[in-house]
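Right, one structure below, let's go through it.
The values are calculated or read from the model by the stated rules, or taken from the named source; none is laboratory data. Note that the coordinates shown come from a computational prediction; the quantities given were computed from them, not determined experimentally. Neighbour counts are summed over all protein chains in view; Cβ atoms, including those assigned to glycine, are modelled from backbone coordinates with ideal geometry. Side chains included, ligands, DNA and RNA excluded: accessible areas come from the protein's heavy atoms. Shrake-Rupley method; radii C 1.70, N 1.55, O 1.52, S 1.80 Å.
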Amino acid sequence: MQKKSLIIVGAGISGLSLAWYVRKKHPEKLITVVDTQDKIGGVIGTINDDFFFETGPRTLHSKRSLAVIDLIQEVGLQQDLLYATSLDRYVYFEKQLHPLPINFWQLMRSKLTKGMWQALVKDWNAPLGSHEDESVYDFFSRHLGKKLTMQLIDPFFTGIYAGDIKELSISATMPRLKEWEKKHGSLLKAAWKEKRRQERRYVPSGLFTLKNGLEDLCHHLAKKADIRFVPK
């Protein structure tokens, strides 16, 4: 009897995850994954040679990535989970690395947050967006101004989504902030009034990655799903 086959377009994390869950339910299927690139992983990529460098997303946040943690455990990579133990973060700005402020005095003195007080006043009086959805850039520019959006928000989103904040949807990436805006107008007011939602399931809080990089998850998914990869 001829085996039924499935073709998945896209060898990024979405396509590979789909292949894995299909394999679990239908172990008899022939699964082929096609992509325009000659590697699997999509925007996820890791250089792990003389140095370690993520060419795409570099970390995930545990409280917002429970499904990813489940996936990591299912493919047998739980022992490779690495959680951030340092609060030090740096942003490359004006040809220099600047530490991301983590306390009041750093906030006052950092070049990265110059104009922060004007931005907070702007946020306090920010008008609501005219559309149900908008780009990350438009959303934060309205609340913080264009300068701080490019200095602080852009590096943050680039590190997580490896995408252009002028194209990324705020409703898709940070729906909670959009809800905060609808309810309170100002993000500062919302942060002051809203209580943190308690997660019923316990996971270590904070940023995490994998010992050999996030691309390792893609390779393990491809192997476990037993796919046939066809680059275009």
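When the Karplus curve 6.51 cos²θ - 1.76 cosθ + 1.60 is applied with θ = phi - 60°, which whole-Hz ³J(HN,Hα) does each residue of the stretch 109-116 get, with x for Gly and Pro?
9, 6, 5, 5, 10, 4, x, 4
Tell me the label only: which of (1) 17.1, 49; (2) 20.6, 72; (3) 20.3, 63 is Rg and Dmax of the Cα atoms in Å as calculated from this structure?
Structure-derived value, by its label: (2).
Over the stretch 4-135, what is the mean sequence separation of C-alpha contacts under 8 Å (at least six apart), divided by residue count, expressed as relative contact order in percent? List each step's numbers first, then the result.
On the way: 96 pairs, mean separation 17.0, N = 132.
Contact order relative to length: 13 percent.
Quick query: amide H of LEU30 versus all other amide H atoms, modeled in the peptide plane; which residues come in under 5 Å with a sequence gap of 5 or more or a different chain?
LYS4, SER5, LEU6
Determine the alpha carbon to alpha carbon distance for each of LYS24/LYS178; LYS39/LYS211; LYS166/LYS193; LYS25/LYS183 and list only those over 31 Å.
With Cα atoms farther than 31 Å apart: LYS24/LYS178; LYS25/LYS183.
Of the heavy-atom accessible surface of the stretch 22-118 (probe 1.4 angstrom), what whole percent is carbon and sulfur?
The nonpolar share, carbon plus sulfur, comes to 58 percent.
Given the peptides 11-22, 160-171, arrange them by the average over their residues of other C-beta atoms within 10 Å, most packed first.
Values: 11-22: 19.7, 160-171: 16.3.
The peptides rank, most packed first, as 11-22, 160-171.
Name the trypsin sites (Lys or Arg not before Pro) in the stretch 52-160 that are in a loop by DSSP and that have at most 16 other C-beta atoms within 10 Å, would you?
Within the stretch 52-160, the qualifying trypsin sites (Lys or Arg not before Pro) (loop, at most 16 other Cβ atoms within 10 Å) are ARG89, LYS95, LYS114.
With a 1.4 Å probe and all protein chains left in place, how much accessible area per residue does the chain have, in Å²?
For the chain, the per-residue accessible area is 65 Å².
Could you point to the residue in GLY15, VAL33, MET108 farthest towards the positive end of the chain's charge dipole, with +1 and -1 charges on the Cβ of Lys/Arg and Asp/Glu respectively?
Going by the Cα projections, it comes out as MET108.
Compute the acute angle (0 to 90°) between the alpha-carbon long axis of helix 13-25 and the principal axis of greatest extent of the alpha-carbon atoms of the chain; round to the nearest 10°.
That helix lies at roughly 40 degrees to the long axis.
Arranged from highest to lowest average of other beta-carbon atoms within 10 Å per residue, in what order do the peptides 69-80, 213-224 appear?
213-224, 69-80
List the lysines whose alpha-carbon lies under 20 Å from that of LYS111, not counting same-chain residues fewer than 8 positions away?
LYS111 reaches LYS95, LYS122, LYS146, LYS147.
If you take every DSSP beta bridge whose two residues both sit in the chain, what share of them, in percent to the nearest 5, is antiparallel?
About 60 percent, rounded to the nearest 5.
Starting from the Cα coordinates of the stretch 5-68, work out the convex hull volume and express it per residue in Å³.
For the stretch 5-68, the hull spanned by Cα atoms encloses 111 Å³ per residue.
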